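Below is one structure, written out as structure tokens; the observations come after it.
The values are calculated or read from the model by the stated rules, or taken from the named source; none is laboratory data. Everything numeric in this text was worked out from a predicted model, so none of it was measured. No Cβ is skipped: glycine too gets one built from the backbone with ideal geometry, and neighbour counts run over all protein chains shown. For the accessible areas, the whole protein counts, side chains as well, though only heavy atoms, and no ligand, DNA or RNA atoms are used. Shrake-Rupley method; radii C 1.70, N 1.55, O 1.52, S 1.80 Å.
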Amino acid sequence: MEHILALRGIAVFVKRQQMTPPDTNLYLVGFMGTGKSTVGRQVARQLGFRFLDSDYEIERLQGKAVAKIFAEEGEAQFRVMERGFIEHGHPAQRCVVACGGGLVVPPGMLELLRSRGIVMCLHASLETILQRTMHATHRPLLQVENPAERLRELYTQREEIYRRTGTMVLTDRRPQREIVAHVLRLYRHEAATFKK
Ligand code: S3P
């Protein structure tokens with residue numbers, strides 16, 4: 001009898017756990033121009049989470065634009081700032097974080113993100129990324145003579161690391177609300193079993 005009551009207690013506990021919405025952070029990674037901030041903002045709204053953009057948070061903390069940080073302190077220092085933001089610069093729960101395109105690239109960063117929450121990669125073809133980033137002027141890595149060539153190089157260098165994230169969400173020729181719904185579905189599924 002005691003056994004049955006104990007089992008029933010466990011079942012009730014498990015059910016309650018399943019019904020409680022997860023608080024796990026969601027990290028959106030992926031190449032520039034894949035829509036991390038736009039999608040992230042909408043996903044955060046639907047989850048009732050806070051939305052954070054790593055570039056914006058670093059700019060706020062440093063008091064200067066990413067382009068200026070690159071120019072004055074160099075890319076390596078910017079990567080240190082990105083790591084700092086992930087390690088101790090944001091709340092551990094109930095956030096959707098749009099990560100700058102290169103944040104996940106340095107060794108150990110993917111593992112660090114995974115230790116903190118669910119990691120998802122937004123993916124787009126090189127053609128789409130070229131179209132979406134061609135006229136933007138705020139990305140220091142593309143302020144070169146031949147930005148298309150630079151994008152191609154970076155894309156080739158980084159494709160493997162983005163693929164290693166495991167969960168890829170295709171964004172090419174797909175309505176935004178569908179991408180948001182897909183990300184939410186995947187998040188709920190993965191967060192239900194996430195363990196820190
Ligand atoms: C970078 C992407 C940018 C920004 C910085 C470097 C990169 O973020 O962090 O210009 O290395 O790919 P977005 O992906 O939001 O454009």
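Search the stretch 26-56 for residues being more than 21 Å from LEU112 (Cβ to Cβ) and of a type in the set (S, T, N, Q), and hand back the single one that is farthest from the ligand (Cβ to nearest atom). Among those that are more than 21 Å from LEU112 (Cβ to Cβ) and of a type in the set (S, T, N, Q), it is GLN46.
Exactly one residue among ALA148, ALA181 is within 16 Å of the ligand (Cβ to nearest atom), free of Cβ contacts under 8 Å to residues at least 40 places away in the same chain and assigned to a helix (DSSP H, G or I), and that residue is ALA148. Considered as a group, the residues in the stretch 57-109 that are near the ligand (Cβ under 9 Å from one of its atoms) and open to solvent by 20 Å² or more (accessible area, probe 1.4 Å) include one that is nearest to LEU184 (Cα to Cα), and that residue is VAL105.
Tell me the residue from THR156, THR128 that is without any contact (Cβ under 8 Å) to a residue 40 or more places away in the chain, among the polar types (S, T, N, Q) and either in a helix (DSSP H, G or I) or surrounded by fewer than 12 Cβ atoms within 10 Å (Cβ to Cβ) (or both), please. Before the answer, list the steps.
On the way: THR128 fails: without any contact (Cβ under 8 Å) to a residue 40 or more places away in the chain.
Of the residues listed, the single one that is without any contact (Cβ under 8 Å) to a residue 40 or more places away in the chain, among the polar types (S, T, N, Q) and either in a helix (DSSP H, G or I) or surrounded by fewer than 12 Cβ atoms within 10 Å (Cβ to Cβ) (or both) is THR156.
Could you check the stretch 165-178 and list, in sequence order, the residues that are touching a strand residue (DSSP E or B) at 6+ places or on another chain (Cβ under 9 Å) and either within 16 Å of the ligand (Cβ to nearest atom) or open to solvent by less than 80 Å² (accessible area, probe 1.4 Å) (or both)? If the condition is that a residue be touching a strand residue (DSSP E or B) at 6+ places or on another chain (Cβ under 9 Å) and either within 16 Å of the ligand (Cβ to nearest atom) or open to solvent by less than 80 Å² (accessible area, probe 1.4 Å) (or both), then THR165, GLY166, THR167, MET168, VAL169, THR171, ASP172 are the ones that fit. Contact map, the stretch 35-54: first residue of a type in the set (S, T, N, Q), second residue in a helix (DSSP H, G or I) and within 16 Å of the ligand (Cβ to nearest atom), Cβ cut-off under 8 Å, separation 6 or more or different chains; pairs are SER54/GLU82; SER54/PHE85; SER54/ILE86.
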